[in-house]
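Novice: Below you'll find the structure I mean.
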Amino acid sequence: MSEEDEDQPPPPKRPRASPPADQVLDNVLETVLQFLDAPGDRSAASLVCRSWHRAESATREAVAVRNILAASAARTARRFPRARSLLLKGRPRFADFNLLPPGWAASAFRPWAAAIAAAAFPALTSLNLKRIPVTDADLELIARALPATFLELSLLLCDGFSSHGLASIASHCRGLRVLNVVECDMAVEDEQEVVDWVAAFPPDPTDLESLSFECYGYAVSFDALEALVVRSPRLKRLGVNQHVTLGQLRRLMTHAPRLTHLGTGAFRPADGGDEGIDFGEMVTAFANSGRGRTLVSLSGFRDLAQEYLPTIAVVCINLRTLDLSYAPVTPNQIVMFIRQCFNLETLWVLDSVRDEGLETVAMYCKKLRSLRVMPVVANEDADELVSEVGLAAISRGCRDLRSILYFCQSMTNAAVIDMSRNCPELKVFRLCIMGRHQPDHETGEPMDEGFGAIVQNCSKLTRLSTSGHLTDRAFEYIGKYGKSLRTLSVAFAGNSDRALQHILQGCSKLEKLEIRDCPFGDAGLLSGMHHFYNMRFVWMSGCNLTLQGCKEVARQLPRMVVELINGPPEDERTEDVDILYMYRSLDGPREDVPPFVKIL
């Protein structure tokens, strides 16, 4: 190169073309929206304009369809093409009380399984199903088509599948980290037809972090289960069924050093006794494995040997969750270990603990945030085991309480008012007085003032279940003060349509309304026409609705799907409607309508 060349200035650089303004905006929006996690915030952002809608669609990774009939799989896939986590919910909660005929939505999951198999959700890593009928064919279809990156499958309160479906998942989803089957009503199989689905897992080391099958009704090969746990060094959650004995549980714990959540299975020795397992051996097994430091959740106890229950005391100090909903624990038994549960935040028990047991809980579990007290015998004529005494003790001792479900035979307004004052941070209050139309058993007055105090003093309340003798006055309180309510369940309550009018006109954030056996008719239903499009669903059974009133709703609100269950009345002029299930849908009425359902 000559000196003259060196003196020449470098050629000017060509200006780099700037991206289009719309692309810059989309890139900025996508970056910003990645920091929004709350579904409500993301939904609000998507409504700003089309570019925000596009950006929100492109960045949404967790998608929840809380009514599987409200949006189709095809629409959801178009709207959220990069979805990684999918939550689908099916039947309304009242279906748990056998109020829905079998086969109401038997094939609701089939289009979703087909869409997943057709790679409509190519980035899918997590699938959670709740209250949805699922067949073995559905599970096999998705198991063979899911990407290698698929990690989690959880089935909660589902039904219709069997060991064959679980075997398909175990054998084909090789990268699985979570397989949880919880409170599912699985299909009954002949013993010779049952597949050992645990043995279907590949023989290689696994990435399993959570395995729960506590509701599975058949025995699995313990050798296969033990080998699977050995091959899963990352296992943190393990929930086994009632066919796993104490001796086997002890062996499994030795192979899972990272275990933090344990479902114990039967919690009794095998018939004839497990070799080398007695009370002291079990205490040693818990203590020597370091479970006192690592366990934060304990459940199971489905076939409890009562004499072994105190062994859990050595692991109670760090427990955050304790589920005894299958163990009829007595007041004398619960005191043996609850005194070590200083850090307990969630407790599920049966009413066998009685008021005395709840008083002990209130004394020692000061950090308790969620409590469920469920009946041993769910019958109106059952013996009274817990009462207002236990509720009042909990409200005085556990002032950080956020959620309570309390089954009892009788209650007083004073105890409910005390809870509203002592626990003002309550978000969920579900009181189930099992006797119908039961008043305050001390004063004979309706329970209006108690529930009125709950909605007045607990301003953050989002879920409320009522019971007992309630007049329209109680619902006037609810409509006036329940401004944060999103879910309301009502049974055997109210005097007239005014009660329903108070709810629909006052509870502006209400999303789910469940009503059974109340004297509410067309006038009450039609008072909510302004709000139904903002709700997820309305369920009314055993009320005073007529076919004409339901038709009027369907006429005025064409985007609402109005289902009448148990068939149309024979005489439109006089016959009432058995069950009304009404929900908003982006895709119109469903196609798989059984004969006992009429869509208006």
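The values are calculated or read from the model by the stated rules, or taken from the named source; none is laboratory data. Everything numeric here is computed off the predicted structure, so don't read it as measured data. Glycine also receives a Cβ, built like all others from the backbone with ideal geometry; neighbour counts cover every protein chain displayed. Side chains included, ligands, DNA and RNA excluded: accessible areas come from the protein's heavy atoms. Shrake-Rupley method; radii C 1.70, N 1.55, O 1.52, S 1.80 Å.
Novice: Quick one: putting +1 on the C-beta of Lys and Arg, -1 on the C-beta of Asp and Glu, what dipole do you get for the range 36-195 around its Cα centre, in Debye to the nearest 20?
Specialist: 1180 debye
Novice: Give me the net charge for the shell around Ala83: Cβ to Cβ below 14 angstrom, other residues only, Lys and Arg +1, Asp and Glu -1.
Specialist: Neighbourhood net charge equals +4.
Novice: Could you work out how far apart the two model spin labels at Asn495 and Asp223 are, taking each label as a point 7 Å from the Cα in the direction of the beta carbon, and quote it in nm?
Specialist: Going from the Asn495 label point to the Asp223 one covers 7.2 nm.
Novice: Working only with C-alpha atoms, what are the Rg and Dmax values of the chain, expressed in angstrom?
Specialist: 27.7, 111
Novice: Another question, then. So with the 1.4 Å probe, I'd like the accessible area per residue for the range 36-195, rounded to whole Å².
Specialist: Using a 1.4 Å probe on heavy atoms only, each residue of the range 36-195 averages 44 Å².
Novice: Let me ask something else. Can you give the charge dipole size of the range 80-154 about its Cα centre, rounded to the nearest 20 debye, using +1 on the beta carbon of Lys and Arg and -1 on the beta carbon of Asp and Glu?
Specialist: The dipole magnitude comes to about 280 debye.
Novice: Under the rule of at least 5 residues apart or a separate chain, name every residue whose amide H is placed under 5 Å from the amide H of Gly263.
Specialist: Leu238, Gly239, Val240, Ser299
Novice: Taking only protein heavy atoms and a 1.4 Å probe, what accessible area per residue, in Å², does the range 319-398 have with all protein chains in place?
Specialist: So the range 319-398 comes to 42 Å² accessible per residue, rounded to a whole number.
Novice: Now for a different question. Output ³J(HN,Hα) for the range 244-252: one whole-Hz value per residue in order, computed from phi by the Karplus curve 6.51 cos²θ - 1.76 cosθ + 1.60 with θ = phi - 60°, and x for Gly and Pro.
Specialist: Rounded to whole hertz, the list is 9, 8, 4, x, 5, 4, 4, 5, 5.
Novice: Further question on the same structure: What is the percent carbon and sulfur in the accessible area of the chain, measuring with a 1.4 Å probe over the protein chains and ignoring ligands?
Specialist: Answer for the chain is 49 percent, counting heavy atoms of protein chains only.
Novice: Still on this model: Output ³J(HN,Hα) for the range 234-243: one whole-Hz value per residue in order, computed from phi by the Karplus curve 6.51 cos²θ - 1.76 cosθ + 1.60 with θ = phi - 60°, and x for Gly and Pro.
Specialist: My calculation for the range 234-243 gives 8, 4, 10, 10, 9, x, 9, 8, 6, 8 Hz in order.
Novice: Further question on the same structure: For the chain, what is the percent of antiparallel DSSP beta bridges, rounded to the nearest 5?
Specialist: 15 percent
Novice: Same structure again: Under a Cβ-only charge scheme (Lys and Arg +1, Asp and Glu -1), can you give me the dipole magnitude of the chain about the Cα centre, in debye to the nearest 20?
Specialist: Once rounded to the nearest 20, the dipole reads 1940 debye.
Novice: Could you name the aspartates and glutamates in cross-link range of Lys367, using Cα to Cα under 12 Å and dropping any fewer than eight places away on the same chain?
Specialist: Within the straight-line cut-off, Lys367 pairs with Glu345, Asp400.
Novice: If Lys and Arg each add +1 and Asp and Glu each add -1, what is the summed charge of the other residues whose beta carbon sits under 12 Å from the beta carbon of Gly239?
Specialist: 0
Novice: Nearest 500 deg cm²/dmol is fine: what mean residue ellipticity at 222 nm does the chain get from its DSSP H runs of n ≥ 4 alone, each adding -39,500 (n - 2.57), divided by its residue count?
Specialist: -9000 deg cm²/dmol
Novice: Quick check: net charge around Ala170, other residues with Cβ under 12 Å of its Cβ, Lys/Arg +1 and Asp/Glu -1?
Specialist: Net charge in that neighbourhood comes out at -1.
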